């Protein structure tokens with residue numbers, strides 16, 4: 001393995017070192033040595049593994065259509081259909097239905113609703129039926145209707161035929177009733193005639209008369225004609241019952257078929273067609289029975305019985321459809337409001353909810369294409385961020401996260417940023433531990449730490465850097481000599497920052513060369529010192545004290561005048577403390593002017609700098625130097641006084 005060879009090939013070679021440097025000072029090489037760390041150079045990182053099926057709503061607070069719910073009519077519905085995400089993306093990529101044909105279709109739907117509305121005045125029920133039914137074929141010709149108006153036409157036609165059959169049956173039952181009444185009258189007349197014919201026998205004795213009366217009635221009842229009439233009456237009554245039962249069954253069957261279509265349209269979210277269908281239903285079936293005969297335990301039945309606690313009715317279906325349309329209108333209005341304020345995160349939520357409830361409603365279908373495109377790009381980046389977090393691609397996740405923050409003013413990136421920072425730190429910590437293990441020759445720990453770093457962040461750029469360096473060294477063969485050549489080259493170029501960055505490579509190979517070893521240690525010490533001052537200056541800046549930040553760095557500038565990071569930070573602060581630095585610069589120029597010393601002007605500028613930043617050490621030191629120049633100390637005054645006394649004695 002590459003690190004095996006690296007451990008085996010580490011040797012030293014003697015080469016001379018340059019004597020000048022921007023950070024490294026060879027005169028101070030032996031002044032101090034880095035203090036040994038308490039843990040012998042080992043870095044231990046305890047990382048608790050968390051099992052998470054998905055980062056949705058955890059690291060990434062982004063709207064996902066497969067995880068949202070919608071409340072309607074007392075129910076909470078999940079958008080858990082995995083196809084919804086693809087359908088929503090297709091909707092966002094589609095063009096809005098704003099063509100003249102679409103507008104004509106919507107006008108036709110409105111005309112149908114108006115024609116069959118119970119509030120339409122001046123038209124009879126039959127006229128309402130004819131007017132509304134005549135517009136259905138025109139609406140079905142629009143492709144977006146999906147021929148649903150044709151299905152409604154067929155259901156209405158079948159219901160009307162059923163009503164016509166029932167009406168004919170009722171007429172037939174009326175005729176049967178008339179026939180029955182006619183037969184009953186004839187039977188009464190025939191029975192009366194029999195009694196008249198047998199009346200002559202009543203002149204006999206009282207006892208015989210009673211017997212003859214009974215005999216006559218028995219003869220009358222036993223007459224074949226009367227028996228035939230009685231049989232016919234019973235047959236007519238049976239026919240009436242049969243047709244009445246058929247009428248009832250036909251009516252119920254027609255209602256069931258019609259209601260099944262309404263329930264299907266409701267499940268398909270064709271709420272406008274549901275309202276049209278319910279209004280036609282009330283015009284066709286005017287018996288006041290609006291109870292829906294649905295299969296017990298079905299989704300539509302549960303929707304009403306469990307959500308509202310009542311049996312489903314056609315009126316309830318009409319109310320639910322109208323409520324759904326109202327909700328969609330509210331969601332779309334909220335969507336437009338969020339778009340105006342560039343709140344794409346909440347806008348995507350509202351549009352997703354509106355689409356899930358009423359995909360085919362005009363309010364959803366007429367959303368402008370530009371607004372759809374904004375949501376489409378936002379949703380795509382959001383899904384990409386979710387996938388990047390899921391596969392631990394934190395570099396790409398950070399890019400996507402920054403893009404989402406710029407695109408949407410209401411995107412909450414706190415959790416995502418925290419997750420990226422945590423995983424990045426853990427992975428870099430493992431890489432650092434692997435480098436320390438490599439320096440100590442602990443191959444097992446080196447391999448384990450690299451494996452841990454890869455598991456946390458497989459695409460960590462620092463892993464690629466390690467591989468690239470090891471590959472480059474192995475290709476050249478003499479790893480130690482290559483490292484020493486690199487060290488000498490960087491030292492000659494005064495590139496101490498790169499030496500500090502690669503300290504884990506240079507320290508082992510320079511360990512047997514006192515001069516190189518001292519140089520490396522001094523460079524590391526100086527860089528840590530500079531970086532510590534930079535961190536201190538950063539804290540001063542955060543507290544609003546840019547003058548203190550500038551002075552803490554300016555103190556090191558004379559000692560390390562070519563360190564790029566130090567100069568960059570000073571340049572960054574110079575614009576914020578320009579008046580202060582100008583005062584110090586002019587004071588120094590007047591102070592150092594040996595040809596024409598201007599101590600007063602220099603003191604004035606130092607005092608100016610002091611007034612700008614009262615705690616300035618640079619200004620105070622300059623003032624002290626000038627005071628010393630202007631006023632002698634006590635020893636000089638005593639010495640001068642003694643000399644004067646001696647002179648006076650003589």
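The values are calculated or read from the model by the stated rules, or taken from the named source; none is laboratory data. Every value quoted in this text rests on a predicted model; they were computed, and no experiment measured them. Cβ placement follows ideal geometry from the backbone for every residue including glycine, while neighbour counts extend to all protein chains displayed.
Only one of 586, 572, 617 is out of contact with any helix residue (DSSP H, G or I) (no Cβ under 8 Å at 6 or more places or on another chain) and either at pLDDT 80 or above or surrounded by 13 or more Cβ atoms within 10 Å (Cβ to Cβ) (or both); which? So that I can check it myself, show each step before the final result.
Values: 586 fails: out of contact with any helix residue (DSSP H, G or I) (no Cβ under 8 Å at 6 or more places or on another chain); 617 fails: out of contact with any helix residue (DSSP H, G or I) (no Cβ under 8 Å at 6 or more places or on another chain).
Result: 572 is the single residue among 586, 572, 617 that is out of contact with any helix residue (DSSP H, G or I) (no Cβ under 8 Å at 6 or more places or on another chain) and either at pLDDT 80 or above or surrounded by 13 or more Cβ atoms within 10 Å (Cβ to Cβ) (or both).
Out of curiosity, is residue 363 more than 18 Å from the chain's Cα centre (by Cα) and touching a residue at least 24 places away in the same chain (Cβ under 8 Å)? Let's see the steps before the verdict.
Values: more than 18 Å from the chain's Cα centre (by Cα): yes; touching a residue at least 24 places away in the same chain (Cβ under 8 Å): yes.
Taking the combined requirement at face value, the residue satisfies it.
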*Considering the range 502-529 alone, what residues qualify as being touching a residue at least 40 places away in the same chain (Cβ under 8 Å), surrounded by 22 or more Cβ atoms within 10 Å (Cβ to Cβ) and more than 20 Å from residue 562 (Cβ to Cβ)?*
509, 510, 516
_So residue 418 passes all but one of these: (1) in contact with a helix residue (DSSP H, G or I) (Cβ under 7 Å, 6 or more places away or on another chain); (2) within 30 Å of residue 450 (Cα to Cα). Which condition number does it fail?_
(1)
_Checking the condition under 25 Å from residue 523 (Cβ atoms) and at pLDDT below 80, which residue from 552, 602 passes?_
552
*Considering only residues of the range 605-614 that are closer than 9 Å to residue 587 by Cβ and surrounded by fewer than 20 Cβ atoms within 10 Å (Cβ to Cβ), which is modelled with the highest pLDDT?*
607
*Can you tell me which residues in the range 116-132 are part of a helix (DSSP H, G or I), in contact with a helix residue (DSSP H, G or I) (Cβ under 8 Å, 6 or more places away or on another chain) and over 15 Å from residue 274 (Cα atoms)?*
125, 128, 129, 131
*Can residue 213 be described as modelled with pLDDT of 80 or more, more than 50 Å from the chain's Cα centre (by Cα) and part of a helix (DSSP H, G or I)?*
no
*Of all residues in the range 587-622, which are free of Cβ contacts under 8 Å to residues at least 12 places away in the same chain and in a loop (DSSP other than H, G, I, E, B)?*
592, 593, 594, 595, 596, 597, 598, 614
*asked:* Would you confirm, using the coordinates I've provided, whether residue 333 is assigned to a helix (DSSP H, G or I) and touching a residue at least 12 places away in the same chain (Cβ under 8 Å)?
replied: no
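Any chance you could count how many residues in the range 504-541 are in contact with a helix residue (DSSP H, G or I) (Cβ under 9 Å, 6 or more places away or on another chain) and within 24 Å of residue 574 (Cβ to Cβ)? It would help to see each step written out before you state the result.
So in the range 504-541, the residues in contact with a helix residue (DSSP H, G or I) (Cβ under 9 Å, 6 or more places away or on another chain) come out as 504-511, 513, 515-531, 533-534, 536-541.
Checking which are within 24 Å of residue 574 (Cβ to Cβ) leaves us with 526-527, 529-531, 533-534, 536-541.
Residues meeting the conditions: 13.
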*Got a sec? Which of 418, 429, 382 is loosely packed, with under 14 Cβ neighbours inside 10 Å and under 32 Å from the mean Cα position of the chain (by Cα)?*
418
